[in-house]
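Novice: Right, I'll just put the structure down here and ask away after.
The values are calculated or read from the model by the stated rules, or taken from the named source; none is laboratory data. Predicted model, so just to flag it, every value in this text is computed and none were measured. Note that we place each Cβ from the backbone using ideal geometry, even for glycine, and neighbour counts take in every protein chain shown. Protein only, heavy atoms only, side chains kept; ligands, DNA and RNA dropped before computing areas. Shrake-Rupley method; radii C 1.70, N 1.55, O 1.52, S 1.80 Å.
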Amino acid sequence: AASGGVAEAQLTEVKSLLQAGRPEAAAERAQHFLQTHPDSAFLHNVLGLVALSKNEAAEAEERFRKTIELSPGFAGAFGNLGLALIAQDNYDAAIQVLKRAAVETPGSIEVRTNLASAYLEAKEYDHAAEAAEAARRLSPNDQDVLQILCKALNKLGRHDESLDQLKRLTDLQPIPLPVLEQTLIALEGTGRDTEALEFAEKHAGVSPDFAR
């Protein structure tokens with residue numbers, strides 16, 4: 001079992017500390033229980049999540065791999081491992097892990113978004129667009145998904161398609177800086193230089209970091 005023999009009351013204690021926003025306390029209790037239950041996938045996963053929250057990605061990777069070793073079907077383990085690999089810029093490995101996670105948790109918008117992001121960072125823009133489209137089918141108006149999709153489309157030279165998607169985001173106030181940047185790239189990519197200049201001037205005050 002994923003609990004590794006840990007009593008239900010002890011599992012509940014660790015879960016409650018995590019849910020209360022006390023990761024350090026949760027990790028301390030998990031470490032304590034791990035001394036007598038070293039084969040608890042649940043406890044290793046908790047320690048991995050805490051390590052990831054502290055930007056200790058290598059430690060998190062080790063914990064998540066142990067979780068999978070102990071309980072291959074542990075919910076969220078492959079998705080968590082994928083995040084740890086992305087945090088270490090190991091995109092190829094992250095892609096393989098997240099592809100498996102997407103199969104095991106087909107309804108997870110987070111897994112599919114992270115997969116699209118990993119493809120984007122790996123410069124596999126076709127696959128990034130495909131993964132973003134799959135994520136968008138689960139959540140059509142998710143801002144992160146749309147931004148990944150538009151960036152991938154721009155990288156592929158599909159600027160008109162990118163503009164169509166960016167229209168969903170330009171009504172936001174204030175408009176996120178990545179949306180401004182990708183809209184400008186798409187406008188310039190379609191040869192609309194005058195419109196691009198007008199767009200840049202119009203939104204110059206929206207974000208102090210926005211510049212051509």
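Novice: Report, to two decimal places, the Cα Rg of the chain normalised by 2.2 N^0.38 Å (N = number of residues).
Specialist: Taking the Cα Rg and dividing by 2.2 N^0.38 Å, one obtains 1.24.
Novice: Sticking with this one: Provide LEU177, LEU138 ordered by accessible surface of protein heavy atoms (probe 1.4 Å), highest first.
Specialist: Result, largest first: LEU138, LEU177.
Novice: List the relative contact order of region 1-123 as a percent without decimals, with contacts defined as Cα pairs under 8 Å and 6+ residues apart.
Specialist: Reported as a whole number, the value is 18 percent.
Novice: Just to verify a number: FRET efficiency for GLU8 and LYS54, C-beta to C-beta distance, R0 = 45 Å, to 0.05?
Specialist: For GLU8 and LYS54, the calculated efficiency is 0.95.
Novice: Tell me the relative contact order for region 84-212 as a rounded percent, counting alpha carbon contacts under 8 Å between residues six or more apart.
Specialist: Dividing the mean separation by the residue count of region 84-212 yields 15 percent.
Novice: Oh, and also: Calculate log10 I(q)/I(0) of region 36-123 for q = 0.23 Å⁻¹, where I(q) comes from the Debye formula with a single equal point scatterer on each Cα and nothing for solvent.
Specialist: -1.07
Novice: Need one value: the accessible area of ASP144 in square angstrom, 1.4 angstrom probe, rounded to the nearest 10.
Specialist: 100
Novice: Provide the descending list of Cα extents for region 61-105 along its principal axes, expressed in whole angstroms.
Specialist: 26, 22, 11
Novice: Could I ask something else about it? Give the carbon-plus-sulfur fraction of the accessible surface of the chain in %, rounded to a whole number; probe 1.4 Å, heavy atoms of protein chains only.
Specialist: Summing carbon and sulfur atoms, their accessible area is 47 percent of the total for the chain.
Novice: From the gyration tensor of the Cα coordinates in region 1-62, what semi-axes in whole Å does the equivalent ellipsoid have, largest first, with each one equal to sqrt(5λ)?
Specialist: Working from the Cα gyration tensor, I get semi-axes of 18, 14, 8 Å.
Novice: In whole Hz, what ³J(HN,Hα) sequence does region 83-88 give by Karplus (6.51, -1.76, 1.60; θ = phi - 60°), x for Gly and Pro?
Specialist: Residue by residue, region 83-88 yields 5, 5, 6, 4, 5, 9 Hz.
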